[in-house]
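Single-structure report; data block below.
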Amino acid sequence: MDLSALQQARYGYKPKLPASLSGDVASIALKVGSPTESVADPGEIKEIFKHTYGKPIITFEKGTNEGIRRAVRVGVILSGGQAPGGHNVIAGLYDGLKKGNPNSALYGFLGGPEGLIENKSVQITDQMIDAYRNTGGFDIIGSGRTKIESPEQFAGALETAKKHNLNGVVIIGGDDSNTNAGLLAEYFLEKGSALQVIGCPKTIDGDLKNQHIEASFGFDTAAKTYSELIGNIQRDANSAKKYWHFIKLMGRAASHIALECALQTQPNICLISEEVEAKKLSLKQIVDRICDAVVKRAENQENFGVVLIPEGLVEFIPEMKQLISELNDILAVHEKAFSRIEAFHDQLEFIAPKLSGPSGELLRHLPQTIAKELFMDRDPHGNVQVSLIETEKLLITLTKKRLEELKAAGTYPGKFSGLGHFFGYEGRCAFPSNFDADYGYALGFSAFALIASGQTGYLSCVKNLAAPAEQWIPGGVPLTMMMHLEQRHGAKKPVIRKALVELDGAPFKTFAAHREAWAVKTSFLYPGAIQYYGPPEVCNQPTKTLKLEHP
C-alpha cells in the first residue's frame, strides 16, 4: 500500500500517557470518591437507572491492582460523526488490554451500534491496529448513527455480546451515543448480565464537556484545521483587499468551534449563537452589526474582512427559530399535499397562509434560495436540516442589500463583495494533533483500566488537560451524573446535557474584550498548519479555550 510521507512518519509517534497509567498495569489503582447525583431531575433519573445511579467518581493513581491483569474480551463501537483521535482511542484500549493480559481480545463492531445489534464484527489484531495509529478518520471499523432504542435492539445487543463471550463494550461517541451507553449498562444489569459498558467523549463540536470532562477528543484538531484555513483566507483578504469572506463553521447546537477559531485567528466579526439567543437579536440587528463594521472599515479604505458564523445560528435567532418550528409542524401535517407541489412559488403560497403573521412575513422577505432550503427534505425526525441552510449566503445577501441602502443615503463610501464558505467535513478526519493523539490514546487506555477493574456505566475521562500529558489525571465519571430529562418525540427522555458557550466564561469574555477593536482594525492572526514536530510551544499546545478555562 502506498503511504504519504506524513502517514508513514505518524506511525512512529508514541502517544504520551499520564503518569498514573504508565509502567506496570498492576500499579494502576482506583481511588473511589463519594456517591454522585445527576445534574438535574435526580428523582426521575434514579428511577430510570435503578442499578447504575449514584456511582462515585473514579480516578486512577499509583498503587496496587492485581485484578487488572485478568483476561477480558471487549467490544468497541464508533458512533456518530468522525472526530480526529478516534483511531488512537481504539489503539489505547487495545494496547491496555494486551499489556494487562496477552490473552485479552478486542472486537470492533462494524458500522456503529448497528454492528453490535446485528453481530457484524472483526477481531482487531496487532497488524490491523498498527495500520491506523495516529491517523484521522473512523475507517478502521466505520461508524454509524443507529440508536439502540427498541426492546428488540437492546436484546440483539445482549445476544451479540453473549455470542462473543464479551466482558465489556466501549462506546466512542457524543452526548446521544453516551446516553445510549448509560442505558445499555442499565439494561445489561437489569437482565442479570455482568457485561460492562464504558463510554468515551467524542465530538468536534465541543459540546460534550462539564466540570469533569474538560474537552472531547477531536475538538482540538478540528478547530486548528479550520483556523489554518481561516488564516489562509485572511491572508488572501489582506492581500487582495476587495472581498468580505463569510465563513460558516461546524457547530449546530453550540458555538465552541467558532469561538475557538476566533481566538486563534482574530477575525473582524464572529457571531456566537448563544449570545444571539440571550440578547434576542433579530436578523436585522445581526446584519446591522456586520454593516457597521463594513462601513467603518470602508472609511479606512479597507473594503475587506472576515465573518465567522456558527452552523446552527439560524436556530438561535428568535424569529428564525419560530419560523422553522412552524414550518416543521405544518410540513409534518401536510407532508403528502406539499410533496405534490413542484413550483417554489406554489409551495410558498401553500405554506405562507398557514404561518403566523410574523413568520409568514419573514418567509416572504427571505432570499428565495434560503426560503427554498427551508422547504427541503426533512431529517429522520421531521425537522429542517439546519446544516443545509446556507446561512453565510443569507447574511451576504442581506448585508449587500442594507449597504446599498446606506450607499444611496450617502453614508457608505465603500464597495462590498461577499464570498461564502462552509468548513465542515474538512476538519473531521484530519491527522490528529499531538494533543488529540495523546488524549485519545489516554481515554482508550483509561477505558481498559475501568473495564479490567470491573466498572460499568462510566465515561472514561482525563482531567488537567492544560498541563503536559504526564500530569493528566485519568479516571471515570458516572454516565448518570451528566444526565437530565429532555422532551424527545413527545416524551421525557434521559439525555446527557449539551454544554453551550458560557457567556460569563473566560473564553467568551476574552473574545468580547477584543472584538470591537478586531472589527475595525485588521488584527488577523495566521496560525498555519498543525505542527507535529518541534518545540512543545509549537506542536503540543491545547486549544485557547482549554487554557482559558483551566489556567
Checklist entry - If S22 satisfies every condition in (1) surrounded by 14 or more Cβ atoms within 10 Å (Cβ to Cβ); (2) touching a Ser or Thr at 6+ places or on another chain (Cβ under 9 Å); (3) among the hydroxyl-bearing types (S, T, Y) but one, which is the exception? => result (2)
Checklist entry - Within the set of pairs 6+ apart or on separate chains, which have a first residue in region 30-42 that is part of a loop (DSSP other than H, G, I, E, B), a second that is β-branched (V, I, T), and C-beta atoms under 6 Å apart? => result S38/I45; S38/T480
Checklist entry - Could you list, in sequence order, the residues of region 481-507 that are at negative phi, more than 20 Å from the chain's Cα centre (by Cα) and either among the polar types (S, T, N, Q) or in a loop (DSSP other than H, G, I, E, B) (or both)? => result Q487, D504
Item to check | Test: residue in region 117-131 that is under 15 Å from V72 (Cα atoms) and in a helix (DSSP H, G or I) | outcome: no
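Every residue, every condition in (1) charged (D, E, K, R); (2) assigned by TED's automatic domain parsing to the domain that holds A185; (3) surrounded by fewer than 24 Cβ atoms within 10 Å (Cβ to Cβ); (4) at pLDDT below 95, yes or no:
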| position | (1), (2), (3), (4) |
| --- | --- |
| T411 | no, no, yes, no |
| F423 | no, no, yes, no |
| Y441 | no, yes, no, no |
| G444 | no, yes, no, no |
| S453 | no, yes, yes, no |
| N464 | no, yes, yes, no |
| I473 | no, yes, yes, no |
| P478 | no, yes, no, no |
Next on the checklist: Just the residues that are over 12 Å from I317 (Cβ atoms), of a type in the set (S, T, N, Q) and in a helix (DSSP H, G or I), please, taken from region 259-279.
Outcome noted: Q264, T265
Checklist entry - Can you tell me which residues in region 128-143 are at positive phi and buried (at least 20 other Cβ atoms within 10 Å of the Cβ)? => result N134
Item to check | Hey, A19 out of contact with any strand residue (DSSP E or B) (no Cβ under 7 Å at 6 or more places or on another chain), under 30 Å from A131 (Cβ atoms) and at pLDDT below 95 or not | outcome: no
Next on the checklist: Anything in region 259-274 that is more than 19 Å from the chain's Cα centre (by Cα) and surrounded by fewer than 24 Cβ atoms within 10 Å (Cβ to Cβ)? List them, or say none.
Outcome noted: Q266, I269
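Residue by residue through region 72-96, note down the ones that are within 11 Å of I451 (Cβ to Cβ) and surrounded by 24 or more Cβ atoms within 10 Å (Cβ to Cβ). So that I can check it myself, show each step before the final result.
Residues of region 72-96 within 11 Å of I451 (Cβ to Cβ): 72-76, 93, 96.
Once the filter is applied, which keeps residues that are within 11 Å of I451 (Cβ to Cβ) and surrounded by 24 or more Cβ atoms within 10 Å (Cβ to Cβ), region 72-96 yields V74, G75, V76, L93, G96.
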Checklist entry - Checking V386 against (1) modelled with pLDDT under 95; (2) surrounded by fewer than 17 Cβ atoms within 10 Å (Cβ to Cβ), which single condition isn't satisfied? => result (2)
Checklist entry - Only one residue in K99, K55 is surrounded by 14 or more Cβ atoms within 10 Å (Cβ to Cβ) and out of contact with any Leu (no Cβ under 9 Å at 6 or more places or on another chain). Which one? => result K99
Next on the checklist: Tell me whether region 67-75 contains one or more residues that are hydrophobic (A, V, I, L, M, F, W, C), in a loop (DSSP other than H, G, I, E, B) and under 28 Å from G251 (Cα atoms).
Outcome noted: no
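So which residues in region 94-106 are out of contact with any strand residue (DSSP E or B) (no Cβ under 6 Å at 6 or more places or on another chain) and part of a helix (DSSP H, G or I)?
We begin by selecting, within region 94-106, every residue out of contact with any strand residue (DSSP E or B) (no Cβ under 6 Å at 6 or more places or on another chain); these are 95-96, 98-104.
Of everything in region 94-106, those that are out of contact with any strand residue (DSSP E or B) (no Cβ under 6 Å at 6 or more places or on another chain) and part of a helix (DSSP H, G or I) turn out to be D95, G96, K98, K99, G100.
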Item to check | Filter result for the condition that a residue is in contact with an Asp or Glu (Cβ under 7 Å, 6 or more places away or on another chain) and under 30 Å from L465 (Cβ atoms), over F423, F435 | outcome: F435
Next on the checklist: If a residue must be exposed (fewer than 15 other Cβ atoms within 10 Å of the Cβ), more than 26 Å from the chain's Cα centre (by Cα) and among the aliphatic types (A, V, I, L, M), how many such residues does region 514-538 contain?
Outcome noted: 1
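To keep it simple, each residue is scored yes or no on (1) outside the structural domain of R515 (by TED's automatic domain parsing); (2) surrounded by fewer than 18 Cβ atoms within 10 Å (Cβ to Cβ); (3) under 18 Å from T391 (Cβ atoms); (4) touching a residue at least 60 places away in the same chain (Cβ under 8 Å).
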position	(1), (2), (3), (4)
R289	no, yes, yes, no
E302	no, no, no, yes
V307	no, no, yes, yes
Q322	yes, yes, yes, no
Next on the checklist: If I ask for residues that are among the polar types (S, T, N, Q) and either at pLDDT below 95 or not assigned by TED's automatic domain parsing to the domain that holds D175 (or both), which ones from region 191-215 would you list?
Outcome noted: N210, Q211
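The values are calculated or read from the model by the stated rules, or taken from the named source; none is laboratory data. If you're wondering where the values come from, they're calculated on a predicted model, not measured in any experiment. Backbone-built Cβ (ideal geometry, glycine too); neighbour counts: all protein chains shown.
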